[in-house]
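Novice: Submitted below is the structure of interest, expressed as structure tokens.
The values are calculated or read from the model by the stated rules, or taken from the named source; none is laboratory data. As the structure is a prediction and not an experimental result, all values here were calculated from the model. Quick reminder, even Gly has a Cβ in these numbers, built from the backbone with ideal geometry, and neighbours come from all protein chains shown.
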Amino acid sequence: MVAEAQRVLGIDPGTSVTGWGIVEGTSSTPRRAASGVIAFSSRTVLATRLQRLREEIERLIRLHRPVAMSLEKAFVGRNIQSAFRLGEARGAILIAAAECGLPVFEYSPAEVKLAVVGYGRAEKSQMIRGIALRFSLSNLDHADEADALALGLCHLQGALFQRLRRVGQTR
């Protein structure tokens, strides 16, 4: 079976810093096409940050033309206020994807860690190193950018798994 090449936009959401990464290719030959962070001043009003976040995500979608968006599933940690803010950022991102007609696939942090380093409870430093090694990046400044690239990579590997599963079901 030949793997189909894809271009995926991975997003690590946040209201202060949102990581993004374009990963393309197949699960066996992924490559980083582009990545970065969208950062806002904490002095900027939340509603303005969310509006700008939606606009920037729409710009990235139009510029890079991915076939899918890979987004981290919402989770509630120890700080409920942080969970609310994460949900607001996710909402702005989901609206941008819907406006552009881009399908969204969600992955848990454990699924992403398993896809990148083979261990679902990997530490942040292990994830950053795993992404840097996978994409031959000598300098990866933002953990949010690494997380977004990891989400894109997770989707490419998940797409292969889904194709293999469909083939197995038809036999």
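Novice: Being modelled with pLDDT under 95, assigned to a helix (DSSP H, G or I) and either of a type outside the set (Phe, Trp, Tyr) or surrounded by 14 or more Cβ atoms within 10 Å (Cβ to Cβ) (or both) is the requirement here; does residue 132 meet it?
Specialist: yes
Novice: So, one more: Among the listed residues 30, 66, identify the single one that is surrounded by 13 or more Cβ atoms within 10 Å (Cβ to Cβ), at pLDDT 95 or above and either out of contact with any Phe, Trp or Tyr (no Cβ under 7 Å at 6 or more places or on another chain) or over 16 Å from residue 105 (Cβ atoms) (or both). Don't jump to the end; show me each part of the working.
Specialist: Details: 30 fails: at pLDDT 95 or above.
Only one candidate qualifies: 66.
Novice: I'd like the full set of residues that are polar (S, T, N, Q) and in a helix (DSSP H, G or I), limited to the range 35-94.
Specialist: 48, 51, 81, 82
Novice: Can you pull out every residue in the range 13-40 that is under 16 Å from residue 96 (Cβ atoms) and touching a Pro at 6+ places or on another chain (Cβ under 9 Å)?
Specialist: 19, 22
Novice: A further question follows. Identify all residues within the range 56-68 that are out of contact with any strand residue (DSSP E or B) (no Cβ under 9 Å at 6 or more places or on another chain) and either hydroxyl-bearing (Ser, Thr, Tyr) or free of Cβ contacts under 8 Å to residues at least 12 places away in the same chain (or both); write none if there are none.
Specialist: Listed by number, the list holds a single entry, 59.
Novice: Are there any pairs, at least 6 apart or on different chains, whose C-beta atoms fall under 8 Å, with the first in the range 93-109 and acidic (Asp, Glu) and the second in a loop (DSSP other than H, G, I, E, B), and if so, which?
Specialist: Filtered contacts from the range 93-109: 106/73.
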